[in-house]
1. What are the pairs, 6+ residues apart or on separate chains, where a residue within region 224-236 that is farther than 23 Å from Thr194 by Cα has its Cβ under 7 Å from a residue that is assigned to a loop (DSSP other than H, G, I, E, B) and among the small types (Gly, Ala, Ser)?
2. Can you pull out every residue in region 131-145 that is hydroxyl-bearing (Ser, Thr, Tyr) and either in contact with a Phe, Trp or Tyr (Cβ under 8 Å, 6 or more places away or on another chain) or crowded, with 23+ Cβ neighbours inside 10 Å (or both)?
3. Tell me, yes or no, whether region 82-89 has at least one residue that is in contact (Cβ under 8 Å) with a residue 12 or more places away in the chain, in the same structural domain as Gly13 (by TED's automatic domain parsing) and buried (at least 18 other Cβ atoms within 10 Å of the Cβ).
4. Looking at region 183-230, which of the residues that are within 23 Å of the chain's Cα centre (by Cα) and among the acidic types (Asp, Glu) is surrounded by the fewest Cβ atoms within 10 Å (Cβ to Cβ)?
5. Could you list all residues from region 90-144 that are in a strand (DSSP E or B) and either of a type in the set (S, T, N, Q) or touching a residue at least 60 places away in the same chain (Cβ under 8 Å) (or both)?
6. What helices (runs of 4 or more DSSP H) completely inside region 231-330 contain at least 1 residues that are under 27 Å from the mean Cα position of the chain (by Cα) and either surrounded by fewer than 23 Cβ atoms within 10 Å (Cβ to Cβ) or outside the structural domain of Lys220 (by TED's automatic domain parsing) (or both)?
7. Quick check: is even one residue across region 108-116 at pLDDT 90 or above, outside the structural domain of Phe193 (by TED's automatic domain parsing) and among the aliphatic types (A, V, I, L, M)?
8. What number of residues within region 302-350 satisfy the criterion of being touching a helix residue (DSSP H, G or I) at 6+ places or on another chain (Cβ under 8 Å) and among the small types (Gly, Ala, Ser)?
Amino acid sequence: MTKENIAVFAITGNGLKQAERIQKVLVDDYNVQLFIPARLQTDILANWIQKGDFKATLQTQFKAVSCLILIMASGIAVRSIAPVLEDKTKDPAVLVVDEEANHVISLLSGHVGGANRWAKLLAEQLESDPVITTATDTQKVAALDNLAKDLNGWYANFKDNTKLINRKLVERDTVYLFIEDYLKGMVETLKGFTIIERDQIQEITEEPIVVVSDRTNFDKAENLIQVVPKVNVLGVGCRKNVTIEMMQNTFVTFMRKNQLAWRSIQKITSIDIKQYEPAVQYLAQTLNTELVFNSAEELKTVDQNYAGSDFVRKTVGVGNVASSSAHFQTQHHVVVDQFHENQITMSIGR
């Protein structure tokens, strides 16, 4: 797995000492780079910023990293990043740390960018106090955007719905929530929500309902917000040179048959002999999802769990590609029956 990038900026000698501490506690799990004024240069490995280049360098890193840690006054930090602030869905986490590392402040993108979690993590490592000011965190209730982040999820009208639900949670208004049983272990907290069962969804007509599901088998309503988690791995097998139209039609039919939301696909996987199939590449590009291929030797470790075709086994080395690929990538048995249409097979792992 690729390590997330963190940029640490300091502007004084004491700040440099804290930057080195931060790098030491985070470097095993993250790609941490230090950015320090050249006038403070020592023999440590760092990016030494020439006079007059500080803001430009900081603003460049703002657009390039997952987390920006600024060891300086909050005012300096705010004025430095102000010109490049874009949107809460795009801006990175920004933390401010004082020169004695007494406090780690979550300054920007607390939920979506993860600054609140970064602040707690770093404060624990430095034995500092995390400073978190987002209302749902201070009131110790869940937040809709945090819930979606836990599941790499999507929901419509992100800004408006986030404001609506988080405000109601903070104010202790009733917000109903249904979540699939197999998703409950993936979320950090549901505190503040009133949990309901699937059959209660249609009974609630006024208060907002958050439905956390990769399924499509419930009626939509104005008071309902569906969070679609990216939790499913789509296994695909196909004959050589199937057309893009065949792949597209098969996918649509498969998802409708199993009442699954297309946004729930986090990864598409197949056998490596199919890596140059245009239709497979097209499907991954259309869904904007990761595409991973497995060797026949890898698939043989799970292929025995599924009914196979002698023709497929003779052609590619295993009797079942779609289910075996999904199983190998998730290390769990597939969750829906394998589907076959248009010389294409599909299956879902989770």
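The values are calculated or read from the model by the stated rules, or taken from the named source; none is laboratory data. Computed from a predicted model, the values in this text were never measured in an experiment. Note that each Cβ is placed from the backbone with ideal geometry, even for glycine, and that neighbours are counted across all protein chains shown.
1. Pairs found: Lys230/Gly153.
2. Thr136
3. There is no residue in region 82-89 that is in contact (Cβ under 8 Å) with a residue 12 or more places away in the chain, in the same structural domain as Gly13 (by TED's automatic domain parsing) and buried (at least 18 other Cβ atoms within 10 Å of the Cβ).
4. Per the criteria, the residue is Glu188.
5. The answer is Val97, Ser106.
6. Values: elements: 244-257, 278-287, 296-300, 310-316, 322-330.
Passing ranges, in order: 244-257, 278-287, 296-300, 322-330.
7. yes
8. Total satisfying the criteria: 7.
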